[in-house]
Amino acid sequence: MVKEFNILITGVGGQGVILMSELLGRAAVADGLRVRGSEILRMAFFLEYFPILISDAVNYLGPAFTLEATTFIVKLLFGWVTDSKEFCRSLTAKSSSKQY
């Protein structure tokens, strides 16, 4: 008998992820199972972590427009979008401001 298992449903903006999570979770509860769930990106934003999407490091399924839509939504609603080259450059850049 299985005591615990994890299901990870991922996606951003309009892919039905929240609906699928809700339906699966309710079915599990109706069957007497304990359920935990979260929306990581939105939760991070409300905790003021301000997430960064590295656009060329995203693994997505489907046509290219899904990545374009996801990138647009994250940039518009949650924070910043960059690519891996710019991200690495910002980590190695010397700060021009003085530290006190």
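The values are calculated or read from the model by the stated rules, or taken from the named source; none is laboratory data. It should be emphasised that the depicted structure is a prediction, and the values quoted were computed from it without experimental measurement. All Cβ positions, glycine included, derive from the backbone under ideal geometry; neighbour counts span all protein chains shown.
Scanning region 45-94 for residues that are among the aromatic types (Phe, Trp, Tyr), touching a residue at least 12 places away in the same chain (Cβ under 8 Å) and in a helix (DSSP H, G or I) returns PHE45, PHE78, PHE87. Residues of region 62-92 that are among the charged types (D, E, K, R) and over 14 Å from the mean Cα position of the chain (by Cα): GLU68, ASP83, LYS85, GLU86, ARG89. Only residues that are of a type in the set (Val, Ile, Thr), closer than 19 Å to PHE72 by Cα and at pLDDT 75 or above were counted across region 1-17, and they come to 1. Within region 47-79, restricting attention to residues that are modelled with pLDDT under 80 and among the aromatic types (Phe, Trp, Tyr), the residue that is nearest to THR10 (Cα to Cα) is TYR60. Of all positions in region 21-43, none carries a residue that is assigned to a strand (DSSP E or B), at pLDDT below 85 and either touching a Phe, Trp or Tyr at 6+ places or on another chain (Cβ under 8 Å) or within 21 Å of PHE78 (Cβ to Cβ) (or both).
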